[in-house]
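Some notes on the structure that comes next.
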Amino acid sequence: MSSNFPIDPNNNKENNPQPFNGFMRLVNQFFQEKPVKNFLQQMDEFFQNPFPNTGFPVTVNETGDFTIIKAELAGVNKEQIQLDVYDHYLTISVNYQEVMTEEDTNTNTFHTSKTFRKNARSISLSHRIDEKSIKASYQNGLLTIIIPREKGKKIIIED
């Protein structure tokens, strides 16, 4: 790359101050220090995974007589799953509980921490749900819910 200006090998930025060097140094320090640095890291993590606890994948297929809902819940026990029905909404909830216990034999101390978390997905259907007719099964991490579609009444239009 050629330049029309002579290059001075002894020219460095400390000896030749630029008008915005001090300002840029302050801006860089501002973004590198806490709490701004932590905030920016959290923003980066958010945009890498914007919905970290959105839950689990759910598919809804409607056939002529049934609505079939499948939820992938790998690593979840059946006891952690809760299904709730209200009008034409079905909510699938998964409750997570993690208990960690640490023991230090040198100081004879114990530390126990518990973490509770709940993920839920609500599915809105185009028809009312009869909770008595729902069938649900859970095998190999796949929850399958079969909901019969209620038959509507045909109304004959008079002349």
TODO: With 25 Å as the limit, write out which pairs from LYS78/LYS132; LYS78/LYS151; LYS70/LYS154 have Cα-Cα distances beyond it, or answer none.
DONE: LYS78/LYS151; LYS70/LYS154
Open item on the list: If amide hydrogens are placed 1.01 Å from N in the peptide plane, which non-local residues have theirs closer than 5 Å to the one on THR67?
Closed with: ILE147, ARG149
- [ ] Using per-residue counts of other Cβ atoms within 10 Å, averaged over each peptide, order 85-92, 143-150, 96-103 from highest down.
- [x] 143-150, 85-92, 96-103
Open item on the list: Taking 30 Å as R0, compute the FRET efficiency from the Cβ-Cβ separation of LYS118 and ASN28 and round it to 0.05.
Closed with: 0.10
TODO: Might you report the magnitude of the Cβ-based charge dipole of segment 55-108 about its Cα centre, with Lys and Arg at +1 and Asp and Glu at -1, to the nearest 20 debye?
DONE: 240
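All of the numbers you see were taken from the coordinates with simple rules; none came from a lab. Just so it is clear, the model here is predicted, and its values are computed rather than measured. With ideal geometry, Cβ positions are generated from the backbone for all residues, glycine too; neighbour counts draw on all protein chains shown.
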